[in-house]
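The values are calculated or read from the model by the stated rules, or taken from the named source; none is laboratory data. Quick caveat, the model's predicted, so the values are computed rather than measured. No Cβ is skipped: glycine too gets one built from the backbone with ideal geometry, and neighbour counts run over all protein chains shown. Quick note on the areas: whole protein, heavy atoms, side chains included, nothing else; ligands and nucleic acids left out. Shrake-Rupley method; radii C 1.70, N 1.55, O 1.52, S 1.80 Å.
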Amino acid sequence: GVDKLLLRARRKIRDEKILLEEPDTAVRVSRLPIVHKIIYLIFNEGYKSSWGKELMREELCEEALLMNRTLLNSGMGNTETAALNALMLFNAARLKARFGPAGELLDLEEQNRSLWNPGLIRLAFEFLMQSRGERISSYHYEASIACLHCSAKSFESTNWKAITDLYRKLLKLGPNPFVELNYAIALFYSGEKQEAFEIVNDLQRNTFLNQYYLLNATLGKMYFLEGEHQRARDYYMKTLAQTNFQMEKDYIKKMIGRIDSIQ
């Protein structure tokens, strides 16, 4: 896992007494995108673990934020570093609300928004303002999307049209099936349901993605909201075998139970 890699790197530096010399400006600038990507991946692994027993690893989120803040404080960061910081802070502000009183996983629309951290949201917004510049990176778009979610007083009042436009711009930077899935979800909630279904069904034709828990869970939710309960149930049943996390299994079982109570 990411935490083991970090531990091994620290030990190697200590045991082999490696001297960390600061590279010159040109080298630092060329390496910065790679550093950003590593920090981004560490945060995402903490926000939604890909292995192990814990679905969320707050210590990894904190580690990523600390590393990125060090970049900013050292003067080695740039507008992308600030945008990445904004993105992580917007997401960190909502960590506590992702789970219910019994530790159950909650959808965005089920979350108690009063549990979102207003201080972190304000700080994130400040970094988003600091990130303004000529170059707009994927971190700028993702941070702007997270900002719109954090600014919405309710799930229903979310500006899904603006979020859809930002995802469209994000996809122009480079094809990404996971971004495309989120784009489809935004389209669905903005009222462009037919296009949303077309995108998700197209993604499902990919053998790898067809085994992806969130893809089939998304189809389950979309069909459930459209009143096609049997199709929704079929997709939810499919997802049960696609996740090893008990919290996600419990969430799916809750959704299946909700469908069964209607039918």
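Quick one: is Ala102 closer than 26 Å to Leu60 by Cβ and in a helix (DSSP H, G or I)? So Ala102 fails the test. Being more than 25 Å from Phe125 (Cα to Cα) and either touching a Leu at 6+ places or on another chain (Cβ under 6 Å) or surrounded by fewer than 13 Cβ atoms within 10 Å (Cβ to Cβ) (or both) is true of Asn201.
How many residues does segment 158-195 contain that are open to solvent by 70 Å² or more (accessible area, probe 1.4 Å) and either in contact (Cβ under 8 Å) with a residue 40 or more places away in the chain or in a loop (DSSP other than H, G, I, E, B) (or both)?
3
Within this structure, Met247 passes the test of being in contact (Cβ under 8 Å) with a residue 60 or more places away in the chain and among the hydrophobic types (A, V, I, L, M, F, W, C).
Take Met255 and decide whether it is hydrophobic (A, V, I, L, M, F, W, C), more than 15 Å from Leu105 (Cα to Cα) and either open to solvent by 10 Å² or more (accessible area, probe 1.4 Å) or in a helix (DSSP H, G or I) (or both). No; evaluated as a whole, the condition is false for this residue. All conditions but one from (1) of a type outside the set (Ser, Thr, Tyr); (2) within 28 Å of Leu173 (Cα to Cα); (3) modelled with pLDDT of 95 or more apply to Trp116; the one that does not is (2).
Which one is nearest to Tyr40 (Cα to Cα) among residues in segment 56-66 that are part of a helix (DSSP H, G or I) and among the aliphatic types (A, V, I, L, M)?
Restricting to residues being part of a helix (DSSP H, G or I) and among the aliphatic types (A, V, I, L, M), the top hit is Ala64.
Kindly indicate whether Glu126 is open to solvent by less than 70 Å² (accessible area, probe 1.4 Å), among the acidic types (Asp, Glu) and not in a loop (DSSP other than H, G, I, E, B). No, not satisfied.
In the set (1) in a helix (DSSP H, G or I); (2) open to solvent by less than 40 Å² (accessible area, probe 1.4 Å), Gln242 fails one condition alone, (1).
Scanning segment 135-157 for residues that are touching an Asp or Glu at 6+ places or on another chain (Cβ under 6 Å) and buried (at least 16 other Cβ atoms within 10 Å of the Cβ) gives Ser137, Tyr139. Of the candidates Arg98, Arg113, the single residue that is closer than 16 Å to Ala146 by Cβ, open to solvent by 10 Å² or more (accessible area, probe 1.4 Å) and out of contact with any helix residue (DSSP H, G or I) (no Cβ under 8 Å at 6 or more places or on another chain) is Arg98. Failed condition for Met222, given (1) within 21 Å of Thr79 (Cα to Cα); (2) at pLDDT 95 or above, with all others met? With (1) within 21 Å of Thr79 (Cα to Cα); (2) at pLDDT 95 or above applied to Met222, the lone miss is (1). With respect to the conditions (1) part of a helix (DSSP H, G or I); (2) open to solvent by less than 60 Å² (accessible area, probe 1.4 Å); (3) out of contact with any His (no Cβ under 8 Å at 6 or more places or on another chain), Arg69 falls short on a single one, namely (2).
Candidates are the residues of segment 73-93 that are open to solvent by 20 Å² or more (accessible area, probe 1.4 Å) and of a type outside the set (Gly, Ala, Ser); the one that is nearest to Ala124 (Cα to Cα) is Asn91.
Going by the structure shown, is Phe224 in contact (Cβ under 8 Å) with a residue 24 or more places away in the chain, assigned to a helix (DSSP H, G or I) and open to solvent by 20 Å² or more (accessible area, probe 1.4 Å)? Here the answer is yes, as Phe224 does meet what is asked. Of the set (1) at pLDDT 95 or above; (2) open to solvent by less than 40 Å² (accessible area, probe 1.4 Å), all apply to Asn210 but (1).
Any residue that is loosely packed, with under 13 Cβ neighbours inside 10 Å, closer than 27 Å to Gly119 by Cβ and either at pLDDT 70 or above or not aromatic (Phe, Trp, Tyr) (or both) - is there at least one of those in segment 19-35?
Within segment 19-35, none of the residues are loosely packed, with under 13 Cβ neighbours inside 10 Å, closer than 27 Å to Gly119 by Cβ and either at pLDDT 70 or above or not aromatic (Phe, Trp, Tyr) (or both).
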